[in-house]
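In what follows, a single structure is set out as structure tokens and then discussed.
Read the figures in this text as sums done on the coordinates, not as results from a lab. All of these numbers come straight from a predicted model, not from anything done at the bench. Every residue, glycine among them, receives a Cβ derived from its backbone with ideal geometry; neighbour counts consider all protein chains shown.
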Amino acid sequence: MSNSEFNQLLTSNVDFLKPVAITLTRDPDAAADLYQETLYKALANREKYSVGTNIRAWLYTIMRNIFINNYRRKAKQNTIFDSSSDDSVMNKLKASVSNSAESMLEVKYIQKAVHGLPDVFRYPLVLYFEGYKYHDIAGMLKEPLGTIKSRIHFARKLLKSQLQRY
């Protein structure tokens, strides 16, 4: 494929990238940068495009990979390394309730709310919080995977509404 054919194919298929960039970044300026970098990488790597394949999927993959790499780069830059050997400084950051009686009341209240759920919702939720995966729970309860996922979702929703007033 010649450069002019590739450029024409590229320009006729790039309009869908703008909304995707905005969806990923949720910032118009960052979306414009992501869009521009995607086009640059596509042009720089035109020899890697296989003729006859879906160019939109190829462009989307480039954009997604750029976004993920930028996100990881920013996450690394925001990481703070503390080389101090004083553990008391690190422990101050932990959130805890100083009154153990108050925390026990909270736990009892949550347990009461969980045990107040209908059995159909409680069993999958308890198994899930014990560490079982969705497909394991579905096998144990002999229910379809989608049913287990929806029951856990509704159980969380019920608990949230019950515990919201607490």
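Starting from the Cα gyration tensor of the stretch 3-77, take the square roots of the eigenvalues, sort them a ≥ b ≥ c, and report rounded, prolate or oblate (rounded when a/c is under 1.5, otherwise prolate if a/b is larger than b/c, else oblate). Could you put the intermediate results ahead of the total?
Numbers: a/c = 2.34, a/b = 1.73, b/c = 1.35.
Because a/c hits 1.5 or more and a/b exceeds b/c, the stretch 3-77 counts as prolate.
For the stretch 99-163, what is the relative contact order in percent, using Cα pairs closer than 8 Å and at least 6 residues apart in sequence? Walk me through the numbers on the way to the answer.
Values: 35 pairs, mean separation 24.8, N = 65.
Contact order relative to length: 38 percent.
Mean projected area of the Cα convex hull of the stretch 99-163, taken over all directions, amounts to 4.5 nm².
Full extension of the chain between Ser12 and Asp29 gives 3.8 nm of extra length, using 0.36 nm per residue less the Cα-Cα distance.
Return the FRET efficiency for the residue pair Gln162, His135: r is the Cβ-Cβ distance, R0 is 22 Å, and the value is rounded to the nearest 0.05.
Values: r = 28 Å, r/R0 = 1.28.
For R0 = 22 Å, the calculated efficiency reads 0.20.
Listed by chain and number, the lysines placed with their C-alpha closer than 27 angstrom to that of Lys112 are Lys94, Lys133, Lys142, Lys149, Lys157, Lys160; residues fewer than eight positions away on the same chain are left out.
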